[in-house]
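The next block holds one structure in the form of structure tokens; read it before the comments.
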Amino acid sequence: MSGRLQVFQGPFEALEDAFSARVEELRPGPGGPPLLVVAPSRVLADRLERLLAVEKGLPLLGVHFHTFHSLAAAIVEDGGFPPGALIQDSLFHDAVVDQVLDRTSALGVAKELRPRALACAVRASLRDLIDAGVDPRQVAENFGDELMKDGEERARLNALLVLVAAYEARLAELGVMPPSALVKRAAALAPVSAWLAGFREVLYYGFYDLTGLQADAFEAVTSARPARLYFPYRQGRPAFRFAGEFRELKLSGRPAADLDRPGAPGTALGPALDALFDPAAPPAPVPEGRLAVVSASGARDEAWAAAKEALRLARAGTPLSEIAVVARVLEPYRAALAEAFAEEELPLDLSAGEPVLRRPFAKAALDLLTLRRRDFPARAVADLAASPYFVSARPARAALWR
């Protein structure tokens, strides 16, 4: 890793404090060099914006928030893209993979026996190999048949490597750049990017895994500009083992400022966090009031209990925007939650959105598109004939068909 990168590790609560303190310290103002904040997802970037602006009361003028993808796009937009279209549409690339499968017998599956979903599954495997930075020619030259001892596994890998080369060759014939080209181009441009050079510092936050191409871009950016990484990791804590492999492989040998706070008094679990997923650790008590278990009978009663608790918290002074209702699956609770919260006159933002097939028009469209595949079931045909979405529908006549 670059010598211009500083690493800070600890639980998210400590990372948020250190990150906010750094932004406040640098305080990009009018006319001054801006700051660049990079998060692994738009959701986390939004969280950081709220943390700084709402919770810490800091002005965000001059602070630019990006995800890995949007950062790559910004660098490439500034530096220019090589000739060729960049098409991200998955259906297009599935069609390209289908053409490649027609041209090669690498998988040994005859066209007439090929499942419809095979192209999508193969494309996912090809994307993983390409994102990892695998070059089929280099694998063949450097490893030959030594990479895998098992003959069957080696044959499968070789088939995928043949498909990767054929897929990239077909895209080149069509004048289309592979989806990975954006990140590759950004990594190449980062050291000379005038746009990137305009930032005083780059603050990476919250990621614990990268593909091979993303790691190359990360290295290029942190080599070009002073950078800090706020890394979610606690040494020796089983609850943070998910980040351990990345710490050992990608950050090995780099000193890290440890922001660990044993006991973590600011978290919901408190000292229980120290023993999480550690069977040898004695059970730690959860602070009073931090966790309560309520038994309920069915989805309606669970929704009712959640609404009552939200009302209690709101009356105690908790802002409604700080109250979240989380379910493993939202669908069984959607109607019950809407009813329970409306009864308590509490706003409820079901941000997950309603499934599209709950809409009658979408259901009719799906029925129409799948009639032939399902051998024209009588009830579906009658429902479509009587549907108000058809101008010529005659419900009375369709009823006779039943």
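The values are calculated or read from the model by the stated rules, or taken from the named source; none is laboratory data. Predicted, not measured: the structure shown is a model, and the values here were computed from it. Cβ sites come from the backbone with ideal geometry, for glycine too, and all protein chains shown count toward neighbours. Please note that ligands, DNA and RNA were not included when accessible areas were found on the heavy atoms of the full protein model with its side chains. Shrake-Rupley method; radii C 1.70, N 1.55, O 1.52, S 1.80 Å.
Summary of computed values
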| quantity | calculated |
| --- | --- |
| Filter result for Pro82 (touching a helix residue (DSSP H, G or I) at 6+ places or on another chain (Cβ under 8 Å) and loosely packed, with under 15 Cβ neighbours inside 10 Å) | yes |
| Residues that are surrounded by 16 or more Cβ atoms within 10 Å (Cβ to Cβ), among the basic types (Lys, Arg) and touching a residue at least 24 places away in the same chain (Cβ under 8 Å), drawn from segment 301-334 | none |
| In segment 326-371, the residues that are in a loop (DSSP other than H, G, I, E, B) and in contact with a Phe, Trp or Tyr (Cβ under 8 Å, 6 or more places away or on another chain) | Ala327, Pro347, Leu348 |
| Filter result for Ala215 (within 16 Å of Leu5 (Cα to Cα), touching a Pro at 6+ places or on another chain (Cβ under 8 Å) and part of a helix (DSSP H, G or I)) | no |
| Flag if Val37 is assigned to a strand (DSSP E or B) and within 21 Å of the chain's Cα centre (by Cα) | yes |
| Residues located in segment 90-105, provided they are open to solvent by 40 Å² or more (accessible area, probe 1.4 Å) and either under 24 Å from Glu25 (Cβ atoms) or among the aliphatic types (A, V, I, L, M) (or both) | Leu91, Ala95 |
| Test: residue in segment 148-160 that is closer than 27 Å to Pro83 by Cβ, modelled with pLDDT of 75 or more and of a type in the set (A, V, I, L, M, F, W, C) | no |
| Candidates Ala188, Ala197, Ala217 - the one that is over 15 Å from His69 (Cβ atoms) and open to solvent by less than 60 Å² (accessible area, probe 1.4 Å) | Ala197 |
| Among residues of segment 335-375, those that are exposed (fewer than 10 other Cβ atoms within 10 Å of the Cβ) and either of a type in the set (A, V, I, L, M) or on the phi > 0 side of the Ramachandran plot (or both), counted | 4 |
| Which numbered condition Glu245 fails, given (1) crowded, with 16+ Cβ neighbours inside 10 Å; (2) in a helix (DSSP H, G or I) | (1) |
| Total residues in segment 353-402, condition at pLDDT 80 or above, under 32 Å from the mean Cα position of the chain (by Cα) and of a type in the set (Lys, Arg) | 1 |
| Test for Leu174: is it crowded, with 18+ Cβ neighbours inside 10 Å and modelled with pLDDT of 80 or more | no |
| Yes/no for Val76 being surrounded by 15 or more Cβ atoms within 10 Å (Cβ to Cβ) and touching a strand residue (DSSP E or B) at 6+ places or on another chain (Cβ under 6 Å) | no |
| Verdict on Val134 being within 23 Å of Leu86 (Cα to Cα), aliphatic (A, V, I, L, M), surrounded by 14 or more Cβ atoms within 10 Å (Cβ to Cβ) and modelled with pLDDT of 80 or more | no |
| Among the candidates Leu259, Leu229, residue that is modelled with pLDDT of 80 or more, farther than 30 Å from Ala132 by Cα and not β-branched (Val, Ile, Thr) | Leu259 |
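Okay, residues lined up against (1) basic (Lys, Arg); (2) crowded, with 19+ Cβ neighbours inside 10 Å; (3) part of a helix (DSSP H, G or I):
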site	(1), (2), (3)
Phe8	no, yes, no
Glu24	no, no, yes
Pro28	no, yes, no
Leu48	no, yes, yes
His64	no, no, no
Gln88	no, no, no
